[in-house]
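Okay, so here's the structure we're looking at.
The values are calculated or read from the model by the stated rules, or taken from the named source; none is laboratory data. Everything numeric in this text was worked out from a predicted model, so none of it was measured. Reconstructed Cβ throughout: ideal geometry from the backbone, glycine too, with neighbour counts over all protein chains shown. Just the protein is used for accessible areas: all its heavy atoms, side chains included, with ligands, DNA and RNA removed. Shrake-Rupley method; radii C 1.70, N 1.55, O 1.52, S 1.80 Å.
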Amino acid sequence: MTRLISLLQQRVSANGFSEGDISESELACFVHAACLSPSAYHLQNWYFTAVQSKEAKHALYQAAFCQPKILQAAAVIVMSGDLLAYRHLADRLQPSVQAGIISAHTAESWSRAAYGAFHENAPAQRDEAVRSVSLAAMPLMLAAQERGWATCPMSGFDPDAVRQVAGLAENLLPVLLVAIGKPESNQKQKIRMPVNHVFTII
């Protein structure tokens, strides 16, 4: 069994957390893993806010409908999608152009295509933000799992209230909260449906 499959089989959405502090370097490690995720046109349209202080967690607790895990967690990552990332795509592609990974022509064509897809198209901006953040959440959680931390992705919250707690600009859409903490107990992963119930080859 590969290390990845083992981590996937061990990961659970934690029901609760025990006390434990987490370092800035560990949180940065988890965010680095998230940033290795794919995004359309290489938009990298995500932003991460670590909520760690007691005051900030209490405010987030209120914004997340008083879910106890917010207060129990060592930190909660607010994962947001940048609705206007397409405006900065040319700059974000430059390191790849300079490294010879893509051509300047390709970068220019991607920038034009992204502008055409997202400019003044709020539903497309939102859909892409949700897609990118969702893709980024799993590697973040697996990186935490690898270092012995438990996680729980959470979608129950008031987006406007979370935006205010996290100090987010209007272009940043809160998509997910990921609570991170020491596991409260040896929780087992719930049984998944068989692959043949969700998989077809045509």
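Accessible-area rank, largest first, for Thr200, Thr49: Thr200, Thr49, with all protein chains present and a 1.4 angstrom probe. Between Ala64, Ala169, Ala56, the residue with the greatest mean-square fluctuation in the GNM of the chain (Cα pairs under 10 Å linked by springs) is Ala169.
With R₀ fixed at 35 Å, the C-beta to C-beta distance from Leu71 to Ala169 puts the FRET efficiency at about 0.85.
Full extension of the segment from His197 to Ser25, taken as 0.36 nm per residue of separation minus the current Cα-Cα distance, would add 57.8 nm.
Counting only whole DSSP H helices of the chain, the ones at least 18 Å long by C-alpha along their axis and with mean Kyte-Doolittle hydropathy no lower than -0.5 are 104-118, 122-146. Above 18 Å lies some portion of the pair distances; for the stretch 36-144, what is it as a whole percent of all C-alpha pairs? Roughly 58 percent, once rounded to a whole number. Working from Cα pairs under 8 Å separated by at least six residues, relative contact order for the chain is 36 percent. Dividing the summed -39500 (n - 2.57) terms of all DSSP H runs of n ≥ 4 by the residue count of the chain sets its mean residue ellipticity at 222 nm at -14000 deg cm²/dmol. With a cut-off of 13 Å between beta carbons, the residues surrounding Cys66 carry a summed charge of +1, where Lys and Arg count +1 and Asp and Glu -1.
With R₀ set to 35 Å, the beta-carbon distance separating Glu120 from Leu36 gives a calculated FRET efficiency near 0.70.
Computed extension length for Ala104-Ser6: 31.2 nm, one decimal, from 0.36 nm per residue of separation with the Cα-Cα distance subtracted. Residues in the chain average 57 Å² of solvent-accessible surface per residue, probe 1.4 Å, ligands and nucleic acids excluded. Annotation: peptides 26-37, 103-114, ranked by per-residue average of other Cβ atoms within 10 Å with the highest first, follow the order 26-37, 103-114. Placing unit charges on the Cβ atoms only, positive for Lys and Arg and negative for Asp and Glu, gives the chain a dipole magnitude near 640 debye about its Cα centre. For the chain, with all protein chains in place and a probe radius of 1.4 Å, 55% of the accessible heavy-atom surface sits on carbon or sulfur.
Ordered from largest to smallest accessible area (heavy atoms of protein chains, 1.4 Å probe), the residues Asp82, Asp21, Asp158 come out as Asp21, Asp158, Asp82. Of the residues Lys188, Lys57, Lys69, the one that moves most in a GNM of the chain with alpha-carbon contacts below 10 Å is Lys188. Close lysine pairs were tallied over the chain: pairs 8 or more places apart or on different chains with Cα atoms under 18 Å apart number 6. Between Arg112 and Glu55, the contour length at 0.36 nm per residue exceeds the Cα-Cα span by 16.2 nm. Kirkwood hydrodynamic radius of the stretch 112-156, from the reciprocal of the average inverse Cα-Cα distance over all distinct pairs: 12.5 Å. The three principal axes of the Cα atoms in the chain give end-to-end lengths of 53, 44, 33 Å, sorted in falling order.
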